[in-house]
Amino acid sequence: MSEDAGRAVIADLSRIPNPDAIDRTAFVELGGVEQFVSIRGRSAANPVLIVCHGGPALPSLPSSWIWQRAVEDYFTVVNYDQRASGRSAGSVTEGMDLRVDRYVDDLVELIAWLQDELGVRKVGVLGHSWGTILGLTLAERRPDLLWAYIGVGQVISGPENEAESFGFAMRSAIADQNRQAIAELQGLGDYPGTEPLTMDRIVTCRRWAQYYGGLSAYRSDFAYFTESQELSPYYTDSDLSLIGVGQQATMPQVLPALLGFDARDRTAFEVPMLQFLGRHDWTTPTGPVARWLEHVTAPATHVVWFENSAHLCMFEEPGKFVVSLVTHALPHAAAE
């Protein structure tokens, strides 16, 4: 079967033909920038759940066909390609505002647009990886907009994440007697240390942490994740090429914000706070999150551990992922 034929099969599978469904895409101006938005659900009456993707500049929609369809039975799922990301990267400009606050303001504007378009008052936000920085900040600043926040691969302390990821990679390499990995990791010196966190240093650390299952548990190869976007019914080949454009545009500004993020003292929230944590996640290690949660106060808190997952629990344990959303998130939406 050719790639085009495979993409057509997935597009047909992903259709929601029942009359109560919603399946829309649109470019929406947020913060003066056109951003690509998808809205999908089995019933337009279901509560709205926004997926705030990771990366930076790695949109969730291209690979959502793997895990999202079951979620659409219970929620109206909104994916959006953030500014300078994915299909939104077609409008990237030199000097574009890529501050965390601007991304959060975009999310606020997206919610306002959804309130008008769908007639909803509150939404849920599911942040993944980099997207958890935006979701957590929104939950702190605008609890009036949310029925719950769900963090998946939560970032709490960028510096602690780097140190713990490095420690895992080194321990694993030593146990495996992997001389190449040990030498490359030792070459990083005191990591992250006081030296500049260059792309080369970060990539070396992440490569070995991910090789030992820190991105996808028990796997050194995670092509199913990186290549799934090639079969997306929403992206042409030219659209997919924009993902790289967006990453090149955002990395110099956004990566320092990600690595320097520190929310350890941000513990008081007025919205239900849920955390979905992969037991083997060494991309955004769970240690800082678990320590932070000991001090969090909120109307409700709940942690779900995905014992056979790392950073991609929606892909690695999709059944448990949807059951966890229905069991722990949906009641908060129904209470609104």
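Overview of values
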item	result
Criterion (closer than 24 Å to Gly55 by Cβ and either touching a Ser or Thr at 6+ places or on another chain (Cβ under 7 Å) or at pLDDT below 90 (or both)) met by exactly one of Phe222, Phe168	Phe222
For Val77: the one exception among (1) β-branched (Val, Ile, Thr); (2) out of contact with any strand residue (DSSP E or B) (no Cβ under 9 Å at 6 or more places or on another chain); (3) open to solvent by less than 10 Å² (accessible area, probe 1.4 Å)	(2)
Counted residues, segment 38-62 - those being open to solvent by 10 Å² or more (accessible area, probe 1.4 Å), closer than 16 Å to Met314 by Cα and touching a Phe, Trp or Tyr at 6+ places or on another chain (Cβ under 7 Å)	1
Some residue of segment 237-255 being in contact with a Lys or Arg (Cβ under 9 Å, 6 or more places away or on another chain), modelled with pLDDT of 95 or more and within 30 Å of Ile16 (Cβ to Cβ)	no
All positions within segment 198-212 that are assigned to a loop (DSSP other than H, G, I, E, B) and either among the basic types (Lys, Arg) or surrounded by 19 or more Cβ atoms within 10 Å (Cβ to Cβ) (or both)	Tyr212
Verdict on Thr226 being within 18 Å of the chain's Cα centre (by Cα) and among the β-branched types (Val, Ile, Thr)	yes
Enumeration of residues in segment 294-303 that are under 14 Å from Leu277 (Cα atoms) and either crowded, with 19+ Cβ neighbours inside 10 Å or among the hydroxyl-bearing types (Ser, Thr, Tyr) (or both)	Thr301
Hits in segment 281-336 - residues which are farther than 14 Å from Ala217 by Cβ, in a loop (DSSP other than H, G, I, E, B) and either without any contact (Cβ under 8 Å) to a residue 12 or more places away in the chain or not β-branched (Val, Ile, Thr) (or both)	Glu294, His295, Ala298, Pro299, Ala300, Ala335, Glu336
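The values are calculated or read from the model by the stated rules, or taken from the named source; none is laboratory data. All values reported here derive from a predicted model rather than from experimental measurement. Glycine gets a Cβ as well: all are built from the backbone with ideal geometry, and neighbour counts include every protein chain shown. Just so you know, the surface numbers come from the protein's heavy atoms only, side chains and all, with ligands and any DNA or RNA stripped out. Shrake-Rupley method; radii C 1.70, N 1.55, O 1.52, S 1.80 Å.
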